[in-house]
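Trainee: Encoded as structure tokens, here's the structure I'll be asking about.
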Amino acid sequence: MRPNYVLWENCRALRLAAFVAILWAVCLLAGCPAPSGAPASGMVAKVKDGDSVVLADGREVRYLGIDTPELTSTDPRELELARQARQVNADLVQGVKLRLEYDVERYDQYNRVLAYVRLPDGQLVNVALVRRGLARVMLKPPNLRYQQELIRAQNLAIDQRLGIWQELPPAQESHYVGNARSLRFHRPTCPGVQTMAPANRRLFATPLDAFRQGYSPAKDCRP
């Protein structure tokens, strides 16, 4: 092979490598479309917080049906619960090959994989975190595959006053209004109540009554 041809081939390989590196950097900054096929399993490389992990292939998995306290919270108690949730999640899944189960939606707007995650022994981590009082049920229709299991776990945690439920939410209104379509509940004066279809309205005497039915607080006028 002629020297000039070898030099040309090396330059072309370098240009290709540089192009791939730039494309990857753009993907990281702007967000690339999620792959069409969702993985059936994956090894956990990093635990981000109480309800999300990063797999060895770089994909982030967000646990379906639950919500743990935020690590960015400025409330000391909320922050402590967030740290506990992350630690327990890590104790359960770090370095473990998880089996991933799916619902109707497999990706969210951030290209995260949405999944129910099982340990090798069959334990469903989503339910385990709720059962320990380290996560609240946060159902998002149409993803309701394990709705009843999650609600049962939450009610057990409430009954035993575990974690989040050591301090029960106070009732500050005469009643609360749930939306059976979104599974969110509102203060009676919230704008969302005014636009809610009458057929979807459900009344709760207290926030705890709503939580026991698997409803989550609405973002507007958060109850």
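The values are calculated or read from the model by the stated rules, or taken from the named source; none is laboratory data. Please read these numbers as outputs of a predicted model, since none were measured by experiment. Because the Cβ atoms are built from the backbone with ideal geometry, glycine has one as well, and the counts that use them run over all protein chains shown.
Trainee: How about the stretch 164-194: which of its residues are surrounded by fewer than 19 Cβ atoms within 10 Å (Cβ to Cβ) and under 19 Å from Lys140 (Cβ atoms)?
Mentor: Result: Ala180, Arg181, Ser182, Gly192.
Trainee: Let me ask something else. If I filter the stretch 50-106 down to residues being part of a strand (DSSP E or B) and farther than 22 Å from Arg131 by Cβ, which single residue comes out as nearest to the chain's Cα centre (by Cα)?
Mentor: For the stretch 50-106, the residue satisfying everything is Glu60.
Trainee: Are any of the residues in the stretch 125-132 over 13 Å from the mean Cα position of the chain (by Cα), buried (at least 17 other Cβ atoms within 10 Å of the Cβ) and under 21 Å from Pro217 (Cβ atoms)?
Mentor: yes
Trainee: Determine which member of the set Pro198, Pro207 is exposed (fewer than 13 other Cβ atoms within 10 Å of the Cβ) and either under 30 Å from Tyr107 (Cα atoms) or outside the structural domain of Asn89 (by TED's automatic domain parsing) (or both).
Mentor: Pro198
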